[in-house]
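The values are calculated or read from the model by the stated rules, or taken from the named source; none is laboratory data. The structure presented is a predicted model; accordingly, all values stated were derived computationally and were not measured. Cβ placement follows ideal geometry from the backbone for every residue including glycine, while neighbour counts extend to all protein chains displayed. For the accessible areas, the whole protein counts, side chains as well, though only heavy atoms, and no ligand, DNA or RNA atoms are used. Shrake-Rupley method; radii C 1.70, N 1.55, O 1.52, S 1.80 Å.
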Amino acid sequence: MKCLHCLFPAIPLEWNQLMNSEKSLKILAIETSCDDTAAAIVTIEDGVPTVLSSVVSSQIELHRQYGGVVPALAAREHVKNLVPVIDEAMRMADAGPSDLDAIAVTRGPGLIPALLAGVSGAKALALAWQKPLLGIHHIEGHIYANFISQKSIKSEIGSPESDIGNWKLEIGNSCFPLLALVVSGGHTELVLMRDHFEYEILGRTRDDAAGEAFDKVAKMLDLPYPGGPEVAKHASKFKDAERSRFPRPMIDSGDYDFSFSGLKTAVLYEIRKTPETDRDETFVSEICHAFQEAVVDVLVTKTKRAIEEFAPKTLVIAGGVSANTSLRESLSTMAAEFPYTEFTVPELQYSLDNAAMIGSAAILRFAHLSTKERDTFKQNAIDLEPDANLPLGDK
Ligand code: KG4
Ligand code: ZN
């Protein structure tokens, strides 16, 4: 059934003006699309989404023994953890149900059993507390992690991994056109935004996502799940001259599509031709380094071409792979060639899956609804349905 209440009305353009009148808005955001159970309370300060609390309960230890996420187990853990995680987020923000103006939840894309857990919980709360309920796209959340205010709870969490890029994105229309390089476990896309919540997909992966390729290469090397951070860690230990140079698939394809499965196979062949006894720490770090370099090279080259064609005022990275230091550094160096394009990265704590990013997108959407429109979203407590393949821009 198509849910009519998921359709957001067109957004007026007077962002700063509208935002300033919405100082006290508070949203409870919930994210359960994969293996993190997350809740956050987000408000708006001076027109910028500001995080009052952000709680993430990771299931990494549980799934590690299976070498990847098991959807049914993920859902069971979400059901177990969701209420305590929401309770903790509300407590940290000193917020009760009466302080909330709305609830937001990741509607898709993701693993359907996992999404169902979050959406069902959010619907129950929205019905019991009589709140509007907003279904948010997971990738939209990753993109809007870049708009979160830096002053929020950053000092409690510690300093960011690296000091690359600017840490605050102008919330008004002056940041558009905006180019987003989306790199997560399930998505690799170049997205052009000419305004808030308007998405044009310039290109996407034809097979594996960048994060998925990192995870699979880690598995080939017997590194633990999740593979991305492990591959990055071993790559950073690489010291000597490069022994392997892997292909850069589709780097000169002339479009903005990606492909990582051939690269993954090249890595597999390189591993297979090396006797097991020779696969020592140096070998692992060489492979990880060469693989990461190939992925980063393709991502940066295509992003550069998109900047040349579309001259965006802003470049952002979104999704779990945006936590990769080599990618952040290479994009930063490349973006410096374009003085008219400002490069921003999300804070590290908002790069991986979290609910604050869902709250950031939701509160900006909600702030632009009239009182009457906000009320119609109460019907989502009955109607909202998760969608494992939800397309970006389709609400
Ligand atoms: O966005 P995310 O947390 O979940 C999805 O929406 O998929 O992204 C998870 C992906 C995983 O594939 C993980 O291995 C990868 O992001 N990842 C990394 C790093 N940290 C996480 N990949 C490369 N380098 C990292 N430092
Ligand atoms: Zn994600």
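Across segment 226-262, the qualifying residues are those that are assigned to a helix (DSSP H, G or I) and out of contact with any Cys (no Cβ under 7 Å at 6 or more places or on another chain), and the one among them that is least open to solvent (accessible area, probe 1.4 Å) is Gly227. Taking the criterion of being open to solvent by 10 Å² or more (accessible area, probe 1.4 Å) and in a helix (DSSP H, G or I), the residues of segment 362-380 that qualify are Arg365, Thr371, Lys372, Glu373, Arg374, Asp375, Thr376, Lys378, Gln379. One residue stands out among those in segment 263-289 that are acidic (Asp, Glu) and buried (at least 17 other Cβ atoms within 10 Å of the Cβ): the one that is nearest to Ser326 (Cα to Cα), which is Glu286. Of the numbered conditions (1) among the β-branched types (Val, Ile, Thr); (2) more than 9 Å from ligand 1 (Cβ to nearest atom); (3) buried (at least 19 other Cβ atoms within 10 Å of the Cβ), Thr333 fails exactly one; give the number of that condition. Condition (3) is where Thr333 drops out. All of Ala104, Ala95, Ala72 fail the test of being open to solvent by 30 Å² or more (accessible area, probe 1.4 Å) and small (Gly, Ala, Ser), apart from Ala72.
Taking the listed residues Ser174, Ser152, Ser159, the one that is at pLDDT below 95 and buried (at least 23 other Cβ atoms within 10 Å of the Cβ) is Ser152, with no other qualifying. Take the conditions within 16 Å of ligand 2 (Cβ to nearest atom), open to solvent by less than 20 Å² (accessible area, probe 1.4 Å) and over 30 Å from Gln292 (Cβ atoms) and apply them to Gly359. Does it pass? It is true that Gly359 is within 16 Å of ligand 2 (Cβ to nearest atom), open to solvent by less than 20 Å² (accessible area, probe 1.4 Å) and over 30 Å from Gln292 (Cβ atoms).
Hey, any hits in segment 84-98 for a residue that's touching a residue at least 12 places away in the same chain (Cβ under 8 Å) and over 19 Å from Val55 (Cβ atoms)? Scanning segment 84-98 turns up no residue that is touching a residue at least 12 places away in the same chain (Cβ under 8 Å) and over 19 Å from Val55 (Cβ atoms). Considering segment 203-225, the residues that are in a loop (DSSP other than H, G, I, E, B) and not aromatic (Phe, Trp, Tyr) include one that is nearest to Ala180 (Cα to Cα), namely Ala209.
Residue check: Glu347 meets all listed conditions (1) within 16 Å of ligand 1 (Cβ to nearest atom); (2) more than 23 Å from Gly47 (Cβ to Cβ) but one, namely (2). A single member of Thr277, Thr303 is out of contact with any His (no Cβ under 7 Å at 6 or more places or on another chain), part of a helix (DSSP H, G or I) and within 30 Å of Gly135 (Cβ to Cβ), and it is Thr303. Note on segment 29-119: enclosed strands (runs of 3 or more DSSP E) holding 3 or more residues that are within 16 Å of ligand 2 (Cβ to nearest atom) and of a type in the set (A, V, I, L, M) are 36-45.
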